[in-house]
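**Student:** For reference, the structure I am asking about is given below.
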Amino acid sequence: MPLKPLTIAVTGANSGIGLRAAGQLAAEGHRVYALCRDAVRGGAALEQVNSRAAVPARLVVTDLADPASVRSAAAEITGELDRLDVLIHNAAVFDQTMRAPRFTDDGHELFWATNHLGPHLLTAELSPLMAAAPAPRLVTVASKGLVAMPWIRIRFDELDSPRWYSPTKAYYHAKLAQIMLSLRLARHARGAVDVVCLRVPAVRLDADRVAAMPSLLRALYAPKNRAALPPEQLARTYARIATRPDPWNDPVGSWSGDRKASGGVYRDERCRPVPAPAFAYDEEARERLWQVSQEATGHPEWAW
Ligand SMILES: NC(=O)c1ccc[n+]([C@@H]2O[C@H](COP(=O)([O-])OP(=O)(O)OC[C@H]3O[C@@H](n4cnc5c(N)ncnc54)[C@H](OP(=O)(O)O)[C@@H]3O)[C@@H](O)[C@H]2O)c1
């Protein structure tokens, strides 16, 4: 059992890294809220997690692409807890078979809605509960693939436009936004919440994910998947970041604007500070992203 059990919410806890992280954290005695979009897949995952949990985990059905579902999940959690220590934004859509853009009921492109707007809204909705925790920590997830895109920018004037869409572009665009949200929050909250954005490298996908790919994509993906890190390894990184008071021996969330180190906000899988794409350090762009994200999510109130 850990010295201090924490209450930890993990999105996308039914597969891959999120499932392993939920399992490890629950086995260590933390109270885990597993946020999954599908009740059946989530229920199966919860059984697995709870088979070795010291404290049973709770399933909360949450579709990040649906603001009503995000609000209702946050209300459910808020109704049960008096504080939330850690929120891990692990869920993401990165389905390369979505060759044509899809749009949510409120008109947002699906990758943008799921991978950026959903996490933005969920963080806002849970921020009062996190503010009630003694040392709250927010963990967002980006991708090492961004290293190959140093000039990537937020396309403010065509956020939901199908003109530039490809699943790869839409995915990395939303991941850049996650880094920018993290840097913005770290600076704005001034230590009221620790913010860490984890740069995840290639990680082996679950067998059912690979099996669902069309045969050509599956064949192309096979060598990459074999060389990728096991999800258990990244889950250990999540657990370390979520639960250690000082996971890397320097202050987390004390970003002072230093581009190279980003003050510990952006970290690799070994918890080392790493630089983000240049655009993430444009303070005006971060504010603009904040404003458009606020507008797109109905101007939620934040505790910080
Ligand atoms: N695997 C890699 O090589 C790699 C590389 C860089 C970064 N990452 C990042 O690491 C994180 C975990 O990835 P993974 O490899 O563990 O992938 P995964 O097994 O595909 O897990 C993704 C999770 O996100 C959930 N999700 C998708 N859309 C959702 C929605 N609308 N609402 C709620 N949940 C939703 C999925 O639920 P369903 O089962 O319902 O689809 C699933 O639980 C992601 O943020 C990913 O971008 C992964």
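**Student:** Given N residues in region 7-296, what is Rg(Cα) / (2.2 N^0.38 Å)? Mind showing how you got there, number by number?
**Tutor:** Numbers: Rg = 17.7 Å, N = 290, 2.2 N^0.38 = 19.0 Å.
The value comes to 0.93.
**Student:** Relative contact order for the chain using alpha-carbon pairs under 8 Å, separation at least 6, rounded to a whole percent? Provide the component values of the computation, followed by the final result.
**Tutor:** Details: 594 pairs, mean separation 56.1, N = 304.
Once divided by the residue count of the chain, the mean separation gives 18 percent.
**Student:** May I ask you to compute the full-extension gain from Arg270 to Thr168, defined as 0.36 nm times their residue separation minus their alpha-carbon distance, rounded to one decimal in nm? Please list the in-between numbers first.
**Tutor:** Values: separation 102, 0.36 × 102 = 36.72 nm, distance 2.50 nm.
Extra length from Arg270 to Thr168 when fully extended: 34.2 nm.
**Student:** Sum up the lysine pairs in the chain that clear both bars: alpha-carbon distance under 23 Å and a spacing of 8 or more or different chains. Show your work: numbers first, answer last.
**Tutor:** Values: Lys144/Lys169; Lys144/Lys175; Lys144/Lys224; Lys144/Lys260; Lys169/Lys224; Lys175/Lys224; Lys175/Lys260.
So the count of such lysine pairs works out to 7.
**Student:** Using only alpha carbon positions, build the gyration tensor of region 83-129, then give the equivalent ellipsoid semi-axes as the square roots of 5 times its eigenvalues, largest first, whole angstrom. Before the final figure, lay out each step's value.
**Tutor:** Working: eigenvalues 132, 32, 5 Å².
Square roots of five times the eigenvalues give 26, 13, 5 Å.
**Student:** Share of antiparallel DSSP beta bridges in region 7-296, in percent to the nearest 5? If you can, show how the numbers build up before the last one.
**Tutor:** Values: 2 of 28 bridges.
Looking only at bridges with both residues in region 7-296, the antiparallel portion is about 5 percent.
Rule-based calculations on the coordinates, nothing more; no lab input. Here the structure is a predicted model, which means the values were calculated and not measured.
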